[in-house]
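Just below is one structure, and these are the notes that go with it.
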């Protein structure tokens, strides 16, 4: 079963613009992660934000987490054609074994 | 940079045949995961290992799927017999023990059942 729900399902922008993707989830978490997947390849870890954090930055990436709304957003600033990929949020559950549950992803296209 | 190795990269098999996938995680990563990703969807966990022990296989179709991680290093996922609905990308990932870390994924095995 999938917990995270990304929005939008697909996003097309021009190079240089910012891209924002949202993720909503249902149950309590202890961390939320974002991954990128180029077509036909494995997933690449981008950033992890813990449940007691509200915002995190990594290069051109900015992630926010609102646990009261059970939602997160990923902002990619000054997008490049190489950012074209699918982006997935994944939630880590509280307690027990640490495993990630992935959403269905947002397909981002950055046009040159 | 350390990688998770998976083989084969692509596999075409006939319905009812047996198929196996191999994964070698990053050295020292105690936790290993097998995920299945159907085209256009997110990965779904099949099985999680901590060292050589299965921690979670609640989503593994045990009538046809099996997984092992002998000696707590590399792992094999087997399907027997394969069905048309098993066509998907099979992804292996590993992470360090205990703490919430990002996973390192392999490139996956694309399985097509005909």
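Please count how many residues of segment B:90-114 are part of a strand (DSSP E or B) and more than 8 Å from every other protein chain (Cβ to nearest Cβ).
Going through segment B:90-114 one residue at a time, the tally reaches 7.
Tell me, which strands (runs of 3 or more DSSP E) wholly within chain A include 2 or more residues that are closer than 22 Å to residue B:104 by Cβ and away from every other protein chain (no Cβ under 12 Å)?
Per the criteria, A:55-58, A:61-66, A:71-76.
The rows are residues; the columns are (1) assigned to a strand (DSSP E or B); (2) under 12 Å from residue B:92 (Cα atoms); (3) modelled with pLDDT of 95 or more.
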site: B:12; (1), (2), (3): yes, no, yes
site: B:16; (1), (2), (3): no, no, yes
site: B:22; (1), (2), (3): yes, yes, yes
site: B:28; (1), (2), (3): no, no, no
site: B:35; (1), (2), (3): yes, yes, yes
site: B:39; (1), (2), (3): no, no, no
site: B:59; (1), (2), (3): no, no, no
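Could you go through segment A:62-75 and let me know if any residue there is under 20 Å from residue B:40 (Cβ atoms) and either surrounded by 20 or more Cβ atoms within 10 Å (Cβ to Cβ) or out of contact with any helix residue (DSSP H, G or I) (no Cβ under 6 Å at 6 or more places or on another chain) (or both).
Yes - at least one qualifying residue is present in segment A:62-75.
Among what's in segment B:62-84 and is within 15 Å of residue B:18 (Cα to Cα) and under 13 Å from the mean Cα position of the chain (by Cα), pick the residue that is surrounded by the most Cβ atoms within 10 Å (Cβ to Cβ).
The residue in question is B:77.
The values are calculated or read from the model by the stated rules, or taken from the named source; none is laboratory data. Given the structure is predicted, the values throughout are model-derived calculations rather than measurements. Methodologically, a virtual Cβ is constructed for each residue, glycine included, from the backbone with ideal geometry; neighbour enumeration extends over all protein chains shown.
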